[in-house]
Amino acid sequence: MDLQRFENVVAGRTCVSTTGRWLPTANPFDGQAWAEVPRCGEDDAVSAIVAAHAAFESGPWPKMSATDRGKLLHRLGDLVARDAERLAALEVRDNGKLYAEMLGQLRYIPEWFRYYGGLADKVEGRVLPLDKPHLLTYTKREPLGVIVCITPWNSPLMLLTWKLAPALAAGNTVVVKPSEFTSCSTLALMELVKEAGFPDGVVNTVTGYGAEVGPALCGHPLVAKVAFTGGDATGSAVYAAAAKGIKHVTLELGGKSANIVFADANLDHAVKGAISGIFAASGQTCIAGSRLLVQRPIYEQVSRRLVEFAGRAKLGNPMESTTQVGPITTEAQREKVLSYIDIARGEGARCLLGGGRPSAPGLAGGWFVEPTIFGDVSNDMRIAQEEVFGPVLSIIPFEDEDEAVAIANDSLYGLAAGVWTTDIRRAVTMADRVRSGTVWVNTYRAVSFMAPFGGYKMSGIGRENGLAAIEEYLQTKSVWINL
Ligand code: NAD
């Protein structure tokens with residue numbers, strides 16, 4: 001089968017790599033390669049950075065008014081909305097997420113471009129009321145320069161949008177490095193960036209292995225900031241490389257989120273929330289509610305209901321509307337998830353559901369893992385401490401609020417948490433006491449362009465989304481004028 005080719009964009013022109021090499025990308029549903037992208041090297045990374053720097057320093061972009069930058073972002077949002085179905089199908093083919101979920105994301109992604117488009121001309125400085133009348137002193141908010149945006153494979157377009165929209169609204173230029181496993185939808189988005197009318201060089205792409213282009217991207221002196229979403233080991237390497245050159249960073253890393261169900265909760269809602277919290281995108285979300293903390297009086301009942309509910313889930317082709325659980329994005333990740341299932345068994349956790357590859361012949365070619373539930377998990381087990389990034393739920397019992405807080409916070413991570421209760425005092429208290437960047441009460445997985453998102457502790461540094469995010473792409477200048 002001929003592989004569909006996608007190319008990079010640098011300085012407004014499509015290009016392959018100087019290495020002459022290509023990187024195949026496979027469909028997780030059947031394991032077959034269907035497309036290829038340039039396997040770039042260091043020289044390609046440098047060319048993209050130089051192009052972004054040139055567009056930041058001269059040409060139309062730095063002269064453009066903030067209002068006009070905002071209009072371009074609005075236009076890009078409209079184009080993404082127009083092409084939502086095409087982009088969704090492309091990303092499903094690349095990473096195996098359900099088409100219905102992808103379509104939902106793509107209907108919402110335009111709002112990020114519109115929100116930050118609207119914000120572009122509301123970035124203001126201040127005149128300072130100094131006690132020296134002969135001096136006029138004011139502050140200006142200025143872009144940082146070239147931003148490198150590095151994204152993972154689990155939600156390529158959405159997680160890129162969270163970076164691209166505020167970075168451009170603030171007046172920066174960008175080099176995008178998508179995951180080596182899922183670059184196609186990002187490269188398709190670049191056609192829309194051009195169609196929207198962004199000047200050449202404002203957004204550039206570099207595809208290929210992180211190890212081959214990452215160090216050049218994160219260490220180059222012309223780069224002002226690295227905005228990274230991915231695993232914590234890679235995040236740490238990115239942070240170290242950026243530190244050498246004193247660059248700004250935003251790091252959105254892993255999670256081991258506690259989803260806490262109290263005995264007074266509406267259990268119909270809590271069970272549904274727990275299921276979507278862990279099994280959506282086959283558990284490949286940084287916010288996965290992978291530790292389900294259940295109060296002892298309802299522990300057996302909730303466990304049973306979860307097993308019944310998840311046991312009915314239909315695994316299948318992510319393009320089909322009846323499919324509820326799709327494949328894992330890469331074969332290596334599938335093996336990693338299976339190895340954690342073995343570890344959990346070895347640690348003495350009780351496997352209540354799943355625990356392997358599905359046996360249905362129609363799924364044999366794909367990288368599937370059965371929805372898996374472990375009971376009798378204690379929080380010191382590796383299955384409760386380490387990010388699995390797959391459809392594996394660990395159920396942990398607790399007695400009371402204090403113990404729930406202690407277990408939830410006994411984690412290196414702090415990305416998100418859920419609380420299910422009908423007691424408003426308890427809801428507010430728990431939201432105060434749990435150490436994570438997001439706390440959902442009687443809901444799970446809600447995100448918005450308006451709500452800051454990011455991690456406590458090892459889940460990251462900085463915030464994406466909301467007013468907070470544009471600040472991450474700006475710096476302040478003080479101007480003193482002797483009158
Ligand atoms: P990863 O860390 O393996 O890769 C992420 C990106 O970093 C890829 O584009 C990769 O090519 C690049 N990369 C690899 N080595 C690099 C290097 N030395 N320098 C620069 N870039 C390099 O992550 P992944 O496996 O693609 O994604 C899964 C991880 O992402 C999970 O840990 C998950 O929790 C995390 N994640 C976090 C969030 C969040 O918002 N906090 C959201 C989604 C995913």
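What about Leu72, is it touching a residue at least 12 places away in the same chain (Cβ under 8 Å), touching a Phe, Trp or Tyr at 6+ places or on another chain (Cβ under 7 Å) and of a type in the set (A, V, I, L, M)?
So Leu72 fits the description; yes.
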ask   = Taking region 287-333 as the region of interest, how many residues are closer than 17 Å to Leu353 by Cα, of a type in the set (Lys, Arg) and touching a residue at least 40 places away in the same chain (Cβ under 8 Å)?
value = 1
key: Restricting region 239-287 to residues that are on the phi < 0 side of the Ramachandran plot and hydroxyl-bearing (Ser, Thr, Tyr), the residue that is nearest to the chain's Cα centre (by Cα)   = Thr285
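For region 171-285, please list each of the strands (runs of 3 or more DSSP E) lying entirely inside it that holds at least 1 residues being within 12 Å of the ligand (Cβ to nearest atom) and either in contact (Cβ under 8 Å) with a residue 24 or more places away in the chain or closer than 30 Å to Arg82 by Cβ (or both).
Values: elements: 173-177, 203-205, 223-229, 248-252, 258-261.
Per the criteria, 173-177, 203-205, 223-229, 248-252.
From the list Val377, Val405, exactly one residue is outside the structural domain of Leu159 (by the TED database), touching a residue at least 12 places away in the same chain (Cβ under 8 Å), over 23 Å from Trp112 (Cβ atoms) and part of a helix (DSSP H, G or I). Which is it?
Values: Val377 fails: part of a helix (DSSP H, G or I).
From the options Val377, Val405, the qualifying one is Val405.
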query = Does at least one position in region 143-151 carry a residue that is over 20 Å from Val50 (Cα atoms), within 16 Å of the ligand (Cβ to nearest atom), of a type in the set (Ser, Thr, Tyr) and within 22 Å of the chain's Cα centre (by Cα)?
reply = yes
inquiry  = Every residue in region 431-483 that is assigned to a loop (DSSP other than H, G, I, E, B) and hydrophobic (A, V, I, L, M, F, W, C), please.
reply    = Val434, Ala446, Val447, Phe449, Met450, Ala451, Met458, Leu483
ask   = What helices (runs of 4 or more DSSP H) completely inside region 51-138 contain at least 2 residues that are under 27 Å from Val37 (Cα atoms)?
value = 66-82, 84-95, 99-119
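So how many residues does region 363-374 have that are within 24 Å of the chain's Cα centre (by Cα) and either part of a loop (DSSP other than H, G, I, E, B) or within 16 Å of the ligand (Cβ to nearest atom) (or both)?
Of region 363-374, the ones within 24 Å of the chain's Cα centre (by Cα) are 366-372.
Narrowing the set further to residues that are either part of a loop (DSSP other than H, G, I, E, B) or within 16 Å of the ligand (Cβ to nearest atom) (or both) leaves 366-371.
Number satisfying all stated conditions: 6.
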Options Ala384, Ala431, Ala416; residue that is in contact with a strand residue (DSSP E or B) (Cβ under 8 Å, 6 or more places away or on another chain), in the same structural domain as Leu293 (by the TED database) and surrounded by fewer than 17 Cβ atoms within 10 Å (Cβ to Cβ) = Ala431
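The values are calculated or read from the model by the stated rules, or taken from the named source; none is laboratory data. Since the model is a prediction, treat every value here as computed from it, not as a measurement. Heads up, the Cβs are rebuilt from the backbone with ideal geometry, glycines too, and the neighbour counts pull from every protein chain shown.
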